[in-house]
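Visitor: Questions regarding the structure given below will be posed in turn.
The values are calculated or read from the model by the stated rules, or taken from the named source; none is laboratory data. In this text the structure is predicted, and so the values were computed from the model without any measurement. Positions of Cβ are generated from backbone atoms using ideal geometry, with glycine treated the same way; all protein chains shown enter the neighbour counts. When the accessible area is computed, the model is the full protein with side chains, heavy atoms only, and any ligands, DNA or RNA have been set aside. Shrake-Rupley method; radii C 1.70, N 1.55, O 1.52, S 1.80 Å.
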Amino acid sequence: MMQILRVVLLIAAGFALVACGADGEPIQPTMSANVGVGSSGTYVGGGVGFRRGGLGVFLGV
């Protein structure tokens, strides 16, 4: 579990570095959040990402 948390924190730090423009022009991040209700219960999901040119990265559930 701690290994997964470290990876997530490193990825988040990378997003923050790219978004602030430390390596060039800032990139506007995108976010999404979902809440749903179904026959098996409720669920919550979301994610964060960015797009630059033809490259896009999105992480979420």
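Visitor: Scan segment 28-48 residue by residue and report those that are touching a strand residue (DSSP E or B) at 6+ places or on another chain (Cβ under 6 Å), assigned to a strand (DSSP E or B) and not β-branched (Val, Ile, Thr). If you could, list the steps in order and put the result at the bottom.
Guide: Of segment 28-48, the ones touching a strand residue (DSSP E or B) at 6+ places or on another chain (Cβ under 6 Å) are 29-36, 43-48.
Next, from what is left, pick out any that are assigned to a strand (DSSP E or B): 30-36, 43-48.
Met31, Ser32, Ala33, Asn34, Gly36, Tyr43, Gly45, Gly46, Gly47, listed by residue number.
Visitor: Residues that are at pLDDT below 70, open to solvent by 70 Å² or more (accessible area, probe 1.4 Å) and not in a helix (DSSP H, G or I): does segment 1-19 have at least one? Talk me through it step by step, then tell me what you get.
Guide: Step one: of segment 1-19, the residues at pLDDT below 70 are 1, 17-19.
Keeping just the survivors that are open to solvent by 70 Å² or more (accessible area, probe 1.4 Å) gives 1, 17.
In the following step, the residues that additionally are not in a helix (DSSP H, G or I) were identified as 1.
Checking segment 1-19: at least one residue is at pLDDT below 70, open to solvent by 70 Å² or more (accessible area, probe 1.4 Å) and not in a helix (DSSP H, G or I).
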